[in-house]
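Just below is one structure, and these are the notes that go with it.
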Protein chains: 2
Amino acid sequence: MITIKEVARHAGVSMSTVSYVLSGKRTISEETKRRVEQSIVTLGYHPNAGARALASNRSQVLGLVVPLRSGVNMPVIMQFVASIVASAREHDYDVLLLTKEAGPGEAHRVTARSMTDAVIVMDVESDDPRIPELRTVDAPVVLLGMPDDHEGLSCVDLDFATAGRQMAGHLADLGHHSIALIGSPPAVYERGTSYAARLLAGFRGETTKRSLQASVHPCEPGYDSVAACLDEVLAPGRGTTGLVVHNEAILGTLLLELRRRSLDVPGDLSVITLCPDDVAENLPVPLTSIAVPAQELGTIAVEMVMARLTQEHAPEVRLLQPRLTDRGSTAAH
Amino acid sequence: MITIKEVARHAGVSMSTVSYVLSGKRTISEETKRRVEQSIVTLGYHPNAGARALASNRSQVLGLVVPLRSGVNMPVIMQFVASIVASAREHDYDVLLLTKEAGPGEAHRVTARSMTDAVIVMDVESDDPRIPELRTVDAPVVLLGMPDDHEGLSCVDLDFATAGRQMAGHLADLGHHSIALIGSPPAVYERGTSYAARLLAGFRGETTKRSLQASVHPCEPGYDSVAACLDEVLAPGRGTTGLVVHNEAILGTLLLELRRRSLDVPGDLSVITLCPDDVAENLPVPLTSIAVPAQELGTIAVEMVMARLTQEHAPEVRLLQPRLTDRGSTAAH
DNA sequence: TATTGTTCTGGGAGCGCTCCCATTCCGCCG
DNA sequence: CGGCGGAATGGGAGCGCTCCCAGAACAATA
């Protein structure tokens, strides 16, 4: 293993000079810098992460707690992860993978051992049992999601309440009077998942405010439950003309089933949803939707970590405003 | 930060004794061990990973290169990742997340810096451009997948050739004479993805050997391409009575479309596929399938890493034998 | 010329561990 | 009684780096 000492000897400078060339923490003459860099390449030197961490008290590693149980919407999770890893690398950070399933305490373990300088936690629920544990972590913690009690913790999330309002409002603007929200499986609501509840609240607020007929239908994935759900929604008496869908997993099935029933979108039924843009674009019928800005949320989470790491930046909460893209699946009624 | 020195003082022993209690690398009297452990708890001591890595030349971290581009089958990827992380933790290892998209050289970077003791690489293709790079990594490398040239690298994978043979054979055994393989998108074959090619080869070998009529149809995801593909497969002249599907993404759509065409499975058409068991079970029609043993493959990959890390175990190749589960979607013809 | 400021570099302590090289204290044998 | 083997522990060098504390060289100013 080539050490900084050997690089120093080869370049005819001191260890500290090599170190400073590497870190840029003090000015080095062009000439010296060139010589050092040349030696580094010639010898094939790579700094030892452990030694660096020990001396500088910085691991340059970020902990990331990911839900890996199947049942969660994996493609979206992966978009988050991908964007977090990419952003972290831009700040010269690596990412240590922790799983939600391994239990709480993982975040605590890795920070207590100085394996990571900060932790990002995904899939945080309203009343997440991990919150108390996370407060004891002696390093910046950033949550993707919004627990009810987030005192002392940074949070980033989409503004789901506004999203719910916007989707209902969009249909109302088009003249619909009776609309339905097809939501996540009942279990999601029962678990008190923050985003589902907030979207629902926004939806309810808007439909009340604008005096719309509105019904809400949690829906399991799977062909049969989607069909059953549609039976309910489209029951003769109801006169539903607009659908707000907050359940990415069933979108494909739902649209196929509508086609099977010879219902045209948006001719017979307007449909608006909340999902990643690429999903909305690639469905049998492209859907007007509010984007899940996974990429942006991931980037912001990393920025928040860096802010708290470099400055004494206090924890903050950021709710991204929803962005609605019209893809023609909603029409005037 | 509590150090080993403070623990030693508190317990009235030397640093080395504390270290040995922690590592178990030499016998310590019950009495002393108890006192040390008590002090550790009382003081809230946590070993510093950087110092440990520096002194022991072991990071206790595994690099894992994951494909994060959407388009890959994320749920399956995540099963791998989950099982790898869980297995790694059982060996007291953590996992550093690297992305395929960040390019090759990531594996090299993290090992050269002693951030990781070994690397597992997922989604390896036949003629993977990363292979040469990986050979230069100065640490054990384990591949999930089977590149053509894997000299010096450990590999684990499902035996896709046998799987292809088994699925064709299963239909042949049931008396089918004309069957079709609905495969991955053309791009996957063009990319030379190892598993797709091997399954295809096994399928072709078996159909030839048993003199079956066989056609092969790469298929894009999306409703329209699935429908188009079925048009081809079910073209009147062909007389296809059995389907081998090697494309998890389209399974749901395919079955719905068959239902739409009033084709019964397995009455009119036998269908067999290769996918994770939980997917096969939860389709509109449960499918007879060969399992993708993601969990097992992940565990084995970690075991191989550990073997190479603890013993001077040489690189090895392991192909898991396929396991076929009959769920009644294939019938005699 | 002496003083001060500026720019660049060197020396090396110390980060918290691991593990090699002792040392101490037994009981037991010859 | 001396010597010896085994069991339990202590001491501390050294892992590769960072960053504080100086010092050297030179230019500008008094």
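The values are calculated or read from the model by the stated rules, or taken from the named source; none is laboratory data. Only a predicted model underlies this, so the values are computations on that prediction, with no experimental measurement involved. Virtual Cβ from ideal backbone geometry, glycine too; neighbours counted across all protein chains shown.
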(Q) I'm told residue B:76 meets every condition in (1) under 30 Å from residue B:145 (Cα atoms); (2) within 14 Å of DNA strand C (Cβ to nearest atom); (3) touching a residue at least 60 places away in the same chain (Cβ under 8 Å) except one. Can you identify the failing condition by its number? (A) (2)
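Can you name the residue in the stretch B:29-48 that is more than 14 Å from every other protein chain (Cβ to nearest Cβ) and of a type in the set (S, T, N, Q) and is also farthest from DNA strand C (Cβ to nearest atom) among such residues? First the steps, then the outcome.
Within the stretch B:29-48, the subset more than 14 Å from every other protein chain (Cβ to nearest Cβ) is B:29-39, B:42.
Now drop any that are not of a type in the set (S, T, N, Q), which leaves B:29, B:32, B:38-39, B:42.
Working: B:29: 12, B:32: 13, B:38: 17, B:39: 13, B:42: 15 Å.
By that ranking, first place goes to B:38.
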Q) Of the residues B:55, B:51, B:86, B:8, which is away from every other protein chain (no Cβ under 11 Å) and either in contact with a Cys (Cβ under 6 Å, 6 or more places away or on another chain) or outside any loop (DSSP other than H, G, I, E, B) (or both)? A) B:8
Q. So which residues in the stretch A:248-274 are in contact with a Ser or Thr (Cβ under 9 Å, 6 or more places away or on another chain) and of a type in the set (Asp, Glu)?
A. A:248, A:268
Q: Determine whether the stretch B:158-166 contains at least one residue that is part of a loop (DSSP other than H, G, I, E, B), among the hydroxyl-bearing types (Ser, Thr, Tyr) and touching a strand residue (DSSP E or B) at 6+ places or on another chain (Cβ under 9 Å).
A: no
Q | Restricting the stretch A:182-235 to residues that are touching a strand residue (DSSP E or B) at 6+ places or on another chain (Cβ under 9 Å) and of a type in the set (Lys, Arg), the residue that is nearest to residue A:163 (Cα to Cα) | A | A:198
Q.
Given the criteria of a type outside the set (S, T, N, Q), free of Cβ contacts under 8 Å to residues at least 12 places away in the same chain and more than 14 Å from chain B (Cβ to nearest Cβ), does residue A:264 qualify?
A. yes
Q.
Here's a check for you: in the stretch B:235-261, which residue that is touching a residue at least 12 places away in the same chain (Cβ under 8 Å) and part of a loop (DSSP other than H, G, I, E, B) is farthest from residue B:333 (Cα to Cα)?
A. B:247
Q: Could you check, for the stretch B:89-106, whether at least one of its residues is within 9 Å of another protein chain (Cβ to nearest Cβ), among the basic types (Lys, Arg) and not in a loop (DSSP other than H, G, I, E, B)?
A: yes
(Q) Suppose the filter is surrounded by 18 or more Cβ atoms within 10 Å (Cβ to Cβ), of a type in the set (A, V, I, L, M) and touching a residue at least 12 places away in the same chain (Cβ under 8 Å); does residue A:309 pass it? (A) no
Q) Which one of these does residue B:27 not meet: (1) within 8 Å of DNA strand D (Cβ to nearest atom); (2) more than 39 Å from the chain's Cα centre (by Cα); (3) part of a helix (DSSP H, G or I)? A) (3)
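Kindly provide the set of residues from the stretch B:221-232 that are surrounded by fewer than 21 Cβ atoms within 10 Å (Cβ to Cβ) and either modelled with pLDDT of 90 or more or outside any loop (DSSP other than H, G, I, E, B) (or both), ordered by number.
B:223, B:224, B:225, B:227, B:228, B:231, B:232 - these are the residues of the stretch B:221-232 that are surrounded by fewer than 21 Cβ atoms within 10 Å (Cβ to Cβ) and either modelled with pLDDT of 90 or more or outside any loop (DSSP other than H, G, I, E, B) (or both).
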Q: Look at residue A:40 and say whether it is buried (at least 17 other Cβ atoms within 10 Å of the Cβ), under 23 Å from residue B:56 (Cβ atoms) and either touching a helix residue (DSSP H, G or I) at 6+ places or on another chain (Cβ under 8 Å) or not small (Gly, Ala, Ser) (or both).
A: no
**Q.** Test result for residue B:287, in contact with a helix residue (DSSP H, G or I) (Cβ under 9 Å, 6 or more places away or on another chain), under 30 Å from residue B:142 (Cα atoms) and of a type in the set (A, V, I, L, M, F, W, C)
**A.** no
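Within the stretch B:6-27, which residues are surrounded by fewer than 18 Cβ atoms within 10 Å (Cβ to Cβ) and more than 6 Å from DNA strand C (Cβ to nearest atom)?
Filtering the stretch B:6-27 for residues surrounded by fewer than 18 Cβ atoms within 10 Å (Cβ to Cβ) gives B:6, B:9, B:12, B:14-16, B:22-27.
Once the filter is applied, which keeps residues that are surrounded by fewer than 18 Cβ atoms within 10 Å (Cβ to Cβ) and more than 6 Å from DNA strand C (Cβ to nearest atom), the stretch B:6-27 yields B:6, B:9, B:12, B:14, B:24, B:26, B:27.
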Q. So which of B:94, B:159 is more than 30 Å from residue B:269 (Cα to Cα), crowded, with 18+ Cβ neighbours inside 10 Å and not hydroxyl-bearing (Ser, Thr, Tyr)?
A. B:94
Q: Filter the stretch B:58-76 for residues that are under 27 Å from residue B:113 (Cα atoms) and not in a strand (DSSP E or B) and give the result.
A: B:58, B:59, B:60, B:67, B:68, B:69
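Scan the stretch A:53-85 for residues that are within 14 Å of DNA strand D (Cβ to nearest atom) and surrounded by 22 or more Cβ atoms within 10 Å (Cβ to Cβ) and report the count. Can you show your working first?
Within the stretch A:53-85, the first condition is being within 14 Å of DNA strand D (Cβ to nearest atom), and the residues that meet it are A:53-60.
From what is left, the residues that are surrounded by 22 or more Cβ atoms within 10 Å (Cβ to Cβ) are A:53, A:59.
Total meeting the criteria: 2.
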**Q.** Failed condition for residue A:62, given (1) within 16 Å of DNA strand C (Cβ to nearest atom); (2) at pLDDT 95 or above
**A.** (1)
